[in-house]
Each structure stands twice: as structure tokens, then as C-alpha cells.
Amino acid sequence: MDKATFYLLVPLLPLMGALLVGLSGRLLSFVAAHTIAIAGVAGSFLLSAKVLVDLWNGQPTFNGNLYSWITIDGIDLNVGFLVDKLTAMMMVVVTFVSLMVHVYTIGYMKGDPGYKRFFSYISLFTFSMLMLVMSNNFLQLFFGWEAVGVVSYLLIGFWFKRPTAIFANLKAFLINRVGDFGFLLGIGLVLMHFGSLDYATIFGQVHTSEMQQFWMSKTINLLGSTPVGLITAICLLLFVGAMGKSAQVPLHVWLPDSMEGPTPISALIHAATMVTAGIFMVARMSPLFELSPVALSTILIIGATTALFMGFLGIIQNDIKRVVAYSTLSQLGYMTVALGVSAYQIGVFHLMTHAFFKALLFLAAGSVIMGMHHDQDIRNMGGLRKYMPVTWITSLIGSLALIGTPLFSGFYSKDAIIEAVAASKIVGSSYAYFAVIAGVFITAFYSFRMYFLVFHGENRWRSHGQDHGLADSEEHHGLSPGDDPHESSWVVLLPLIALAIPSLSIGFIAAPSIMDGRMFGSAIYSDMHDTMRVVSEEFHGSLAMAVHAFSSAPFWLALSGVVAAWVLYVWKPSFGVNISSFFRSLGIVRLLENRYYMDHLYIHVMTPIATSIGRVFWKVGDVLLIDGLVVNGAAKLVDKMSKITSLFHRGYIYASAFSMILGAVVLLLFWSAGTKQILAAIGLSH
Amino acid sequence: MISPWNSADLTFLKPELWLLCSACVILLLDLVSKDQRKAVTHWLSLLSLGIAAILVLAGGVKSPQIVFSGMYVVDQLSGLLKFGSACLVGLVLIYGRQYFIDRSMLTGEVYVLSLFGLLGMFVMTSAFSFLTLYMGLELLSLSLYAMVALRKDDSLAIEASMKYFILGALASGMLLYGMSMLYGATGSLHLSEVSARIAQGQTSRDFLVLGLIFIVAGIAFKLGTVPFHMWVPDVYQGAPTPITMLIGSAPKLAAVAFVIRLLVQGLPAAFVDWQSMLIVLSVASIVVGNVAAIAQQNIKRMLAYSTISHMGFMLLGLIAGDAGGVAASIFYALVYSFTTISGFGILLSLTRTGFESDNLANFKGLVKRSPWLALMMLMVMFSMAGIPAFVGFFAKLSVISAIVSHGFVWLAVLAVAFSLIGAFYYLRVVKVMFFDDSDLDVVDSPFSLKCFVSVNALLLLVAGLIPQPFLSICADAVNLSLLG
């Protein structure tokens, strides 16, 4: 089997699973359906692992086309794969998390009428995500980009009878349209100026310093005559796409609402994989982004803002999934910060560690939700560690990894980001440094607030009424008065344990090869800035980094965050109420509860403006011009014409024959020289 | 230049000879067979179609072989189109079987006439002189006239057949008149000599153009382009659905070959003249076909007008006139006929005895009654409308880019605008299937029929995902046939 075919199997197995399960109708039993879907993803995971191992052992990067889709105007549009270490790592992360989520789904979606539909969707998602990361050109990247978007849309609205779910998926869809619009424009600019959509061809045009100088000095005129750096325009537009997909401020508002979808997809799509597509894309395009300091500074500032301010929102959430969702937003901000300071490798490193521990946290949250009979309000929980021991331990591991406890996976990637920001000198890096340092405290605080409220303290589920509104499914409304929470079944616990292992260890193992640049090799280009060089010089092994942490600020900030959460939510809850009312009197809580009024801005300001513009187009363009003049006008014309033609169209043979003869006469007119001259004059004939 | 034929020429005629012999044998066998379901006849016909297709492939030649004293040509182009026609006729027999059985119309004539019709198409595809062209055309037409009238008790079918026959005779008359003019002008019936003599400039231009006009009129009738289209809606609606399917698919391939042989190969010197005539036909067909289709409630009639507009599109490639344009036309014709046949196949899957299912209303709520067939019909309609990722898009794209590269931007804009109008009635079928409610029964069609129709419809998607190989096949066939 040649290599291209081998790589093709990786995305094709989940696709076949999705098609078989999705189109089989009632032919397959539930067991057969999930067996097929899981087998497809498992096969894909094993092959991905082999790809990574092979590349690690020195196999060269693969870049080849499977087939030429079509050639238009000299531009080849191909379907092909670029498999280097960056791709291989993404493939393994995507297929591993996906496999875990597939297994978990057996338990979580048990008895749901859409059981098979769900499996079909998540397998289809796996296929789309693999096509995105394995692509060797922009067109296929865009295909994968949109395909994961579609599946995300379908899954957020999976329980399509709930109005909130439909609102959420529409919101996700519309916000992503904004991002994709920019992305598409960016791709268009690339095609226009580089003359190709193929990565290798494009990067080949920027690989020497003379070429880089040429492209950096090239400008285009926007809005008439304002000159703008071409590469800056391309990078900013591409990054708008990344902002939509990776939920960066101000296009972040869809991600918290996406929690309306079933929990397994929150773990897979809205935490581990799809939302990191933007990060991956920027890392993949690093040879372009490196050329634009303006774009990098923009990325840095947006990322830092997301990292800090979305963290604040995590503090006041009471829905267990929303806490994790805001934490995801904040962590995506950290990754974006890493991209902004040209530490792409570390950004992708954090993407990987985050995929494991955030998927773990989401799946653990799902397990808690099941244990609580679909009550998601953390104020109704408490003391769950006795009832759900495995969920408790794995959640603790996930939370420790998230806040950056030394030796845990999140520590290596997050500390490296902080170091990289400290080493960077580009515009905005001091603001970003403040944001990521402050973010450490915030992260620790909201993570352990949730952890303590859920697993420690008193059992509160008996002391509240049955009025909690955040039910996950219409049939379930929390525990009945006599019930206690119960541990989930093994299909749910197994993925938790399997994800806890990398959450603990992957950072320690992978850090050395990432810091010294061995991991990604030439897949990522960051030579224009020396951030990575400084970071790798300061790195003296995983253990040394962990020991050094005890003498650095982030560790103590994280610790104080945990202690603060313990004091306020376990030791002296009355103290917490006082502090909360103090902040409320300052109006800060109100600001946070309204999510900085971003949603208000969109719904009450932007949407009316957009719809009123739309109304103008509708009234003038559609109703008046198209409907009135073109469609109805044409219909009237056709009506009149048909009245005339119906004289011949009565079904009599002589009428038909007459029409034929008339036609021949019309053609005869061409014979006469006069007609020909007239036609030539108006350009109808050569 | 022209040498007498020798027996070696016969080797190039294997598919035609095979079809002729097997049609005769099947005719005789059918006389003695007492089987009401005609199983033997059915399978033998399919077998002989399969062998004919294989013989066509096996007899593929690199460069064009002109045999029988210049009467007949075997090249890549004819190979491609003959193979396509044989497959299409086979599909017609497969799709139509249940329909014929249900309505006790299953007579041996169906099979024998189909085979003779196919033989006619083969001859048309390979003909290289006026005489053979006309012979092939009449063999095909006579078979079709008889097949339309297969239901002797159905007055609509008889009426359709009569109209088809009379108008067809008129068109044949025009064609023959045009041919006789050209014969008079050039003194030869062989296309190669006709084109050579015109190129030498010894012919009277008046005779030439007069002949050309009548030839184009005859061609336009066979293609069903406006204003020679009047028979199309009546015949489509009146004929039994499987026969409509036959008329709408394979003969279009033969007709395209007919046009290419006559105009592109036979009369290249008169290119400017026939180009402008084809523009008139093409524009009129695209406009009238798409606009009239909107008003139709009967699906077969709607597909008839849709065919008219598709033939207009197909002509666009010939208007470009170069190898690329001809290849685009052939690709368009192939895509069109395979799309149409799967559309009719789905229509047939929905019919029962006494229920033709040929009204738009019969498609209401199909997604509830047979979600799979609804999905397949959706693919067919999307492909016909030219929505990307389906092969119909690439067919339209290739003909439109062919004319744009020759400077006919206005024609391209018009074609795109009207395909937009056309999208309306294709998508209306989808809307009716997926969003309207229905009180009709669950569809119960034979599994094998469903399988074939599904593969057929799914191929439209597959070919849309990998169009390049199919486009290359057409381009290569044209390059090797017209240039090499």
C-alpha cells in the first residue's frame, strides 16, 4: 500500500463509520451502530499513532496529492495530504479524544432516541477534523473548516425540540459566518497574490530572506487608496477566521451557549478539537504570520484579553458546564497568546495538553451530571466525592493539570507560554504578560471553586427545592428527594481514566522535545523572532523546570487561587457571601453576569443594524427589483408570450409542423447577407 | 482516395454485427418462448448489451479508422458514446422491467426494438457519410415510434406516437433535402470528401448554406431544440415511462455524435454559419425550456422541458467549436443522460399498477414514505440544477468556460441566469418531497431496482467529487478523434 492510500484510510474509516451508521436507518441495532462507529475511530487512532511513531523515527514528511479535483483557469484544485509531525500530533490527539468520547457516549446517550444519529455525527466530525488537519492546501482546509462547523451546528442543536438549543446553534452558526467571511477573503488574497492554494508552493515563495523582504514590503490599497501591508492583510483576515472558530473576543459569544449540546460533544468539539482549529491553522501558516509584526501584536492582544476576561466570567457561573466552557475560552486565549509571541510550538503544545485535561474535565462534568440526574447547578451538589470516587479523582487530576500544578501536563505548556511572553518584545507583550500571570490566579480560583462546590462540603441536593431550571434533558429534573448520586458505569469511567493518564504525564514526556524544536522540526517556522530560542535556552529538563516552579510567581499565584477558593467555599462560606455582596455593590458582578454586555451589544445593537440594512436590500433589491421587476415581470412576460405561443400549442400537429417550418424560415434569414451584417454589427457573430 | 472495402473492415464492425445477430436471435427465441415474464428474453438482451459494450471497449482504436470506402468511422469518440449508449439502454431495460410486468406490456418487441434502436445509435455514432448517417437515424427513429405506441389501448400514447412519427418524417424530409443540397454542391456523400471540397472553395456558397439550414433544422428536431421541440413534451408525457426514459437518454448521445460528425467534421468550412445558427437554437432552447418547465405540474412534462434546456446547454460547447468545446459537449451529454435516467429510474420506483406517480403532487412527503429514494431524487435534482459537488455542476461549468474562452460572455451570462431560473423547478421537487405532507402509502419498490437507482444516483455525487478523470476521458477521446 503506498503512503497516500495509507494516509487516506485515517479519515476514511470514521467517514465510513458515519455513513454506515447514519444511513442504515433501522437496519442496525444500537449495539451494532456503536460498534461500527467505534471500530472506525479506533482503527483511525491506531493508524494515526503509527504515523506519529514513523515520523518520530525519522520517516520524511509526506506531501502529496491524492487526486486533482478540478483544474480551473490553470489553478489546480487538489485533494491531498501534508503529513508532518505537526499534522501527526494533531491526528493522534483528535482520534484519541474522539475515541474516548465515542466510548463515553455509549453511557451518556443511552436510551436517547437520537442515539445512532449522534454516533453518526461524531464520526463525521472526526472525518472532517482529520481532513482539516491533514490538508496540504487551503481549499481542503476550508472544506474541513466548514465541515466541522456544520457538524458542530448539528450537534449544538442535537436536541432540536428545545428552543434554547436552536437559539444556540443559530448563534454559533451566525458568529462563525463572520469569522469564515474573513477567512475566505484571506484565502482569496493568498490565491490572488501567490497564485496557488498549495501550502508548499506558497511557503516556497517566502523561504529566503530576500523573498521575505519582498513580501513584507508589498502593499495593497484598501478602501480606495490606503496602502496596507499585503501579508498583514492576509494574516489578519485569516486570523478573523481563527477568531470565529477558536472563540476569541469579540467572536467568543457562541461558545458558552454551545453547551446546549450533549456533554460528549462539548468535550470533543467545543473543548478538545474543533475550537483549536484556529490555533492549528495559525501555527500551520507560521511562515506567513512571522512576516507581519502587526498581525502578531493583534493576535497577542486579542488572546491576552480572552485569556483574562473570559476567566473572570468563569467565577460567577453556576452551571457546571458553563464553568468549564469559560475555562476553555480562557485557555484558548493562552494558546493565542503563544501564537502572538511567535511561540507557535508552545501554543500547539498547550493545545495538546489542554485537549486531554479539558476533555477529561468535560467528561467528568458529564459523569457528575448523570450522577445528579441531569441537574447541572453546582450549588445543588457538594460532597460528591463519597458517591462518585472515580469521577472525583479524575476531576482532581484534570483540575490540577488545568491550573498548572508542577509535573502535571498543563504546567509545562502554560508555564512555557508565560516564559515566552516574558521573553517577547513585540508590541503588547507587557499587557499580555500581566494578563497571563493574573489569569493563573483566576484559573486556579474558578477551577477549585467548582471542584470544592461539587465534590466537597455538605450534600446540598436535598436542601433545595425542585425549581432548578438547567436540566440537560426534558425527561430528567435532578434527583428525587430520596435518591443519592451514583457513580457512572464503566463505559463512562474508562475514558475518564484513559484521559487522566495523559493529563498527568504528557507534559513531562513531551516538554523536552518541544522546547528544543525537535518535535515539530520544519513544520513550524518561528525564526523571525527569538522567543523560542530564549525559552529553549532556559529549559533544562522537565524535572528541573518543575523544581524551578516553586520559586516562581505562577506557582504561588495558583496556590493562592486554590486556597482562596477553599476559604470562600469550604472553610468560611459566610465570608464568601460578604465578598460577593461587596463586589455586587461595586457593580462588578452585574457586569460579569451580563458577560460584559457583549451579547446585549450583538442582539440589541448589531443585529438591528444588520437587519435594517438587510431590510433595505430585501425591500429594494429583492421585493422591488428581483421579485417585482425580474421574477413577476418575467412571469408576466412569459404569460403574454405563452398566450401567443399557445396559439400553436394546442396539441395540433399542423401547429407543431408550422412552428418547425417557421424555425427553418428563421434560420433561412441567416442566409441573407443583410441579417449577417446586422448580427456582426451588434457583436453576435464573428 | 476511396478504396473498395475488404473483409478486414468487418472486424471494426464487431459490436454492430453482434447486436444485429443477437437481436434477430432474441426475436426468434421470443416467438417460441411461453414465459409470461420473459425472463429468458430479458437476461439474453442484457447479456447481449453487455457483450456489445465489451466489444466496443475491446475494439478501441488509437487513431480514427475509416472503413467501408469512407462510409463508416471507428474512433475513440464513437467508442465512448457507443459504450455509454449500451449502458444506458441496459439500464432502461433493468429499470423498466417491473413497470412492463405490472401493466402486462412485457412483450418481446420491447427488447428487440431496444436492441435495433441501439444498433441505429451505433450506426449514427460511427457514420461518416450522409447515407449511413441517415440509415442509422431512421433505424433508431422507427424503433422509437413503435415503442411509444406500445400500449395499443392508450389513446394518449397513440396520439404521441402519431405526432412523433409525422413530425419526425417532416424533420427527416428537411434533413434529406439539406443533404441533397450538399450533395449537389459538393458531388459527394462522404463527409471527408464534402469537407475537402468545401475547403478547396469549388462549391457554391448559396447551395452550401441552404443545405446547411435544412440539415441544422433536421438535427434540431432530433435534439429537440426550440423551435423544433414541439414533439418533446407530448411524447415524454404520452409514452410509457420506461420508453420516455429511453428516448430521453441514449438517443441524445447518438444525436450529439450526429451533430459532431455532420457539422464539426463534415462542414468545418461553414463553421461561422452553423455557429450562429446553433447560437439561435441554443438561446431559444435555454430560455423556452427553463421558463416553460416552471409551469409544469406533470413531472414527465417538466423533465421534457428540462431536456430542451439541457440540449441548449449542450450546444454551447459546439458553439465554441474547438476540441475543448466539443469535449465539453460530450461530457455534458453523458452527464445529462445518466442524470436523466436515474431521475426516471426513481420515478419508476414510485409507480404501481394503475398509479403512474408522474405528477408533482405524487412526490409530496416522499421523505416520510421512502427517505432513501427521496435522498436519491434530491441528488438527481441537485445535479440537474448544477449545484456544486454534483457532476451536473461540472458539466455546466465546462460548457460555459468553453464559450467564455471564445469571447461569448453574454451567452455565458444568459446561460447562468437561466440555469438559475431552472434551479427553481428542480428545487421545487426537493421542497415538495421534504416539506409537504402526504397521505399516500409507503413506497414499495423492488430491492434490486432501488439498488441500481441508488448506485446510479450516487455516481452523480462520486463523479462530482472526482470529475477530472471523466473530463479527461472526454477530452482525450475528442483529441484523438478530431485531431489525431
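For the stretch A:451-466, the condition of being under 26 Å from the mean Cα position of the chain (by Cα), closer than 30 Å to A:F160 by Cα and at pLDDT below 90 holds for none of the residues.
If you go through the stretch A:71-95 and keep only what is part of a strand (DSSP E or B) and β-branched (V, I, T), you end up with A:T71, A:I72, A:I75, A:V79, A:V83. Can you tell me which residues in the stretch B:264-276 are open to solvent by less than 40 Å² (accessible area, probe 1.4 Å) and within 12 Å of chain A (Cβ to nearest Cβ)? Correct list: B:A270, B:D273, B:W274, B:Q275, B:S276. Residues in the stretch B:9-32 that are more than 16 Å from B:W43 (Cα to Cα), open to solvent by less than 80 Å² (accessible area, probe 1.4 Å) and charged (D, E, K, R): B:D9, B:E16.
Identify all residues within the stretch A:401-422 that are buried (at least 20 other Cβ atoms within 10 Å of the Cβ) and of a type in the set (A, V, I, L, M, F, W, C); write none if there are none. Matches in the stretch A:401-422: A:A401, A:L402, A:I403, A:F408, A:F411, A:A416, A:I417, A:I418, A:A420, A:V421.
Restricting attention to the stretch B:436-460, the residues that are crowded, with 16+ Cβ neighbours inside 10 Å and assigned to a helix (DSSP H, G or I) add up to 9. Looking at the stretch B:350-362, is at least one residue farther than 16 Å from B:V430 by Cα, surrounded by 24 or more Cβ atoms within 10 Å (Cβ to Cβ) and more than 14 Å from chain A (Cβ to nearest Cβ)? Looking for residues that are farther than 16 Å from B:V430 by Cα, surrounded by 24 or more Cβ atoms within 10 Å (Cβ to Cβ) and more than 14 Å from chain A (Cβ to nearest Cβ), one finds none in the stretch B:350-362, hence no. Within the stretch A:30-42, is there a residue that is more than 24 Å from A:I524 (Cβ to Cβ) and within 14 Å of chain B (Cβ to nearest Cβ)? Checked the stretch A:30-42: no residue is more than 24 Å from A:I524 (Cβ to Cβ) and within 14 Å of chain B (Cβ to nearest Cβ).
Quickly run through the stretch B:1-52 and pick out the residues that are among the small types (G, A, S) and without any contact (Cβ under 8 Å) to a residue 40 or more places away in the chain. Listed by number, the residues that qualify are B:S7, B:A8, B:A39.
Filtered by the rule that a residue be without any contact (Cβ under 8 Å) to a residue 60 or more places away in the chain and more than 9 Å from chain B (Cβ to nearest Cβ), the stretch A:55-95 gives A:L55, A:W56, A:N57, A:G58, A:Q59, A:P60, A:F62, A:G74, A:A88, A:V92. Considering the conditions (1) more than 14 Å from every other protein chain (Cβ to nearest Cβ); (2) open to solvent by 10 Å² or more (accessible area, probe 1.4 Å); (3) out of contact with any Leu (no Cβ under 8 Å at 6 or more places or on another chain), A:I156 is excluded by exactly one of them, (2). Would you confirm whether any residue within the stretch B:170-182 is more than 11 Å from every other protein chain (Cβ to nearest Cβ), farther than 18 Å from B:P251 by Cα and touching a strand residue (DSSP E or B) at 6+ places or on another chain (Cβ under 8 Å)? For the stretch B:170-182, residues more than 11 Å from every other protein chain (Cβ to nearest Cβ), farther than 18 Å from B:P251 by Cα and touching a strand residue (DSSP E or B) at 6+ places or on another chain (Cβ under 8 Å): absent. Does at least one position in the stretch A:260-267 carry a residue that is in a loop (DSSP other than H, G, I, E, B) and within 30 Å of A:V79 (Cβ to Cβ)? Within the stretch A:260-267, one or more residues are in a loop (DSSP other than H, G, I, E, B) and within 30 Å of A:V79 (Cβ to Cβ). The residues of the stretch B:145-194 that are open to solvent by 30 Å² or more (accessible area, probe 1.4 Å), free of Cβ contacts under 8 Å to residues at least 24 places away in the same chain and in contact with an Asp or Glu (Cβ under 9 Å, 6 or more places away or on another chain) amount to a single one, B:G187.
B:I215 fulfils the conditions (1) out of contact with any strand residue (DSSP E or B) (no Cβ under 6 Å at 6 or more places or on another chain); (2) open to solvent by 10 Å² or more (accessible area, probe 1.4 Å); (3) among the hydrophobic types (A, V, I, L, M, F, W, C) except for a single criterion, (2). A:H207 - would you say it is more than 20 Å from A:G144 (Cα to Cα) and not in a helix (DSSP H, G or I)? Answer is yes for this residue. Scanning the stretch B:401-435 for residues that are loosely packed, with under 15 Cβ neighbours inside 10 Å and in contact (Cβ under 8 Å) with a residue 60 or more places away in the chain, we see that the one that is farthest from the chain's Cα centre (by Cα) is B:S405. Can you pull out the residues in the stretch B:170-210 that are in a helix (DSSP H, G or I) and of a type in the set (V, I, T)? Hits for the stretch B:170-210 are B:T186, B:V194, B:I198, B:V209. Just wondering, is there one or more residues in the stretch A:596-606 that are of a type in the set (F, W, Y), surrounded by 15 or more Cβ atoms within 10 Å (Cβ to Cβ), farther than 30 Å from A:L251 by Cβ and in contact (Cβ under 8 Å) with a residue 60 or more places away in the chain? Looking through the stretch A:596-606, none of the residues is of a type in the set (F, W, Y), surrounded by 15 or more Cβ atoms within 10 Å (Cβ to Cβ), farther than 30 Å from A:L251 by Cβ and in contact (Cβ under 8 Å) with a residue 60 or more places away in the chain. Scanning the stretch B:293-309 for residues that are modelled with pLDDT of 90 or more, farther than 16 Å from B:V430 by Cβ and small (G, A, S) returns B:A304, B:S309. When you look at B:D234, is it touching a residue at least 40 places away in the same chain (Cβ under 8 Å), facing another protein chain (nearest Cβ under 9 Å), part of a helix (DSSP H, G or I) and not hydrophobic (A, V, I, L, M, F, W, C), yes or no? In short, yes. Of the candidates B:I247, B:I279, B:I260, the single residue that is modelled with pLDDT of 90 or more, within 14 Å of chain A (Cβ to nearest Cβ) and within 27 Å of B:S85 (Cα to Cα) is B:I279.
Sub-6 Å Cβ pairs linking a first residue in the stretch B:462-484 that is buried (at least 22 other Cβ atoms within 10 Å of the Cβ) to a second residue that is not in a helix (DSSP H, G or I), at least 6 apart or interchain, are B:G464/B:A389; B:G464/B:F390; B:P467/A:I70; B:S481/B:P64; B:S481/B:D75, ordered by first then second residue.
The values are calculated or read from the model by the stated rules, or taken from the named source; none is laboratory data. On a predicted model such as this, the values are computed, not experimentally measured, just so you know. Please note: Cβ atoms are built from the backbone with ideal geometry, for glycine as well, and neighbour counts cover all protein chains shown. The area values use the complete protein model at the heavy-atom level, side chains included, leaving out ligands, DNA and RNA. Shrake-Rupley method; radii C 1.70, N 1.55, O 1.52, S 1.80 Å.
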